[in-house]
Amino acid sequence: MPPDLSVLLPAYNEAENLAELVPEIAKVLADAGISHEIVVVDDGSTDGTREVMAELRGAEVRSIRLRRNSGKSAALSIGIAQIRGEVIALMDADGQDDPRELPRLLEHMRTDGLDLVTGRRSVRNDRFVKRTTSKLYNGATAKVTGVPGKDFNSGLKVMTRELAESFELYGELHRYIPVLAVWNGFRVGELDVEHHERRHGSSKFGRARFWRGFLDLVTVKFLTTYTARPFHLFGGIGFVIGLFGATLLGWMGVEWLLGERVGTRPALLIGVLLVVVSVQMISLGLLGELMVNLRRRRSLDATAVGDLL
């Protein structure tokens, strides 16, 4: 029988933390009477993670080892494909997430009929810079995507298997799981949880993570808003650029009629450039619309063939 809960931990050089955290998770869930499995995805660790997991491995504990470091999203995607439970809990392997919160998150999800519950870290035990950038990130994400939430980036989440299999994770998209869930029509919520300091070692994420997350925010906004209507994005940008270009060319035309020499004026060159870019953006938007239309037709044709059969 599949377990009630599958706990998935992506880990990169977290041997000391895993040695303490995995048995603790197993004890908490056993005491709560929740049948479970714990799956650790070793994301190309170079410390003793492999040896630690060899000692911990058993009927309820499994590990998946990746040959090289592929990133958290890739590790989660691989782990989700291997778990057996219909409910999945995601946890970070640094020990900052409290295993005792898992039964509470699971109960909250079932009681409120949610598909995803994120553990909202009401009091964060992180450095000031990390807390500040995370607050800016959460505010920007809620504003841009329109999805309510205060802690999108929390590594502690409980979700249904159906939700986890509804999207593909890559890049830094694991930070936007609540956004992708809402876009796919699932119900999401947050619950205040306890947050601890890292037990051992140091964080594996540097300053570049902030900029990568920002770029992926643009990606998520595009995927969730403009996938079915690319012309609204590219055409809109093209029309705005074309308006500026046409204004400059109109100004140069008036100057030329008044007898001014405009052949070498920078405004003329900039105006021509903006108009050319505008045409390219509008054309790109139309091509995107054509691709979307063809995809829809193929989908409808496939559905019609299925009905005939």
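The values are calculated or read from the model by the stated rules, or taken from the named source; none is laboratory data. Bear in mind that the values here come from a model prediction, so they are computed numbers and not experimental data. Every residue, glycine as well, gets a Cβ built from its backbone with ideal geometry; the counts of neighbours run over all protein chains shown. Side chains are part of the model used for accessible areas, which takes the heavy atoms of the whole protein and leaves out ligands, DNA and RNA. Shrake-Rupley method; radii C 1.70, N 1.55, O 1.52, S 1.80 Å.
Brief remarks on what is shown
- Entry remark, segment 170-180: residues being surrounded by fewer than 22 Cβ atoms within 10 Å (Cβ to Cβ) and within 16 Å of Ile83 (Cβ to Cβ) number 0 in total.
For every residue, the table says whether it meets (1) small (Gly, Ala, Ser); (2) over 15 Å from the mean Cα position of the chain (by Cα); (3) open to solvent by 40 Å² or more (accessible area, probe 1.4 Å).
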position	(1), (2), (3)
Val52	no, yes, no
Gly71	yes, no, no
Arg104	no, yes, yes
Thr111	no, yes, yes
Gly119	yes, yes, no
Phe128	no, yes, yes
Thr132	no, yes, yes
Lys157	no, no, no
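- Against the list (1) in a loop (DSSP other than H, G, I, E, B); (2) at negative phi, the condition Gly33 fails is (2).
- Criterion violated by Trp211 - all others in (1) surrounded by 14 or more Cβ atoms within 10 Å (Cβ to Cβ); (2) in a helix (DSSP H, G or I); (3) at pLDDT below 75 satisfied: (1)
- Checked against the criteria, Ala19 does not count as surrounded by fewer than 17 Cβ atoms within 10 Å (Cβ to Cβ) and assigned to a helix (DSSP H, G or I).
- Number of the condition not met by Asn125 [criteria: (1) under 27 Å from Asn13 (Cβ atoms); (2) touching a residue at least 24 places away in the same chain (Cβ under 8 Å); (3) of a type outside the set (D, E, K, R); (4) not in a loop (DSSP other than H, G, I, E, B)]: (4)
- Annotation note: Cβ proximity below 7 Å between a residue of segment 218-244 that is in contact (Cβ under 8 Å) with a residue 12 or more places away in the chain and a residue that is open to solvent by 50 Å² or more (accessible area, probe 1.4 Å) and among the acidic types (Asp, Glu) (sequence gap 6+ or interchain) occurs for Pro230/Glu289; Phe231/Glu289.
- Matching residues, segment 134-155, being free of Cβ contacts under 8 Å to residues at least 12 places away in the same chain and more than 14 Å from the chain's Cα centre (by Cα): Lys135, Leu136, Gly139, Lys143, Gly146, Pro148
- Glu190 meets all of the listed conditions (1) touching a residue at least 12 places away in the same chain (Cβ under 8 Å); (2) assigned to a helix (DSSP H, G or I) but one, namely (2).
- For segment 261-271, a residue qualifies if it is without any contact (Cβ under 8 Å) to a residue 12 or more places away in the chain, assigned to a loop (DSSP other than H, G, I, E, B) and either of a type in the set (Phe, Trp, Tyr) or surrounded by 11 or more Cβ atoms within 10 Å (Cβ to Cβ) (or both), and exactly one does: Val262.
- Looking across segment 52-75, the residues that are farther than 16 Å from Asp92 by Cβ and part of a loop (DSSP other than H, G, I, E, B) come down to Arg57, Gly58, Ala59, Glu60, Arg67, Arg68, Ser70.
- Applying the condition of being of a type in the set (Ser, Thr, Tyr) and modelled with pLDDT under 90 to segment 28-50 and asking which residue is most open to solvent (accessible area, probe 1.4 Å) yields Thr46.
- Subset tally (residues that are open to solvent by 60 Å² or more (accessible area, probe 1.4 Å) and of a type outside the set (A, V, I, L, M)) for segment 1-16: 4
- Qualifying residue in segment 82-90 (condition: assigned to a strand (DSSP E or B), open to solvent by 80 Å² or more (accessible area, probe 1.4 Å) and not aliphatic (A, V, I, L, M)): no
- Reported count of residues in segment 185-200, each being open to solvent by 60 Å² or more (accessible area, probe 1.4 Å) and not acidic (Asp, Glu), is 3.
- Subset tally (residues that are within 15 Å of Ile34 (Cα to Cα) and at pLDDT 90 or above) for segment 85-116: 15
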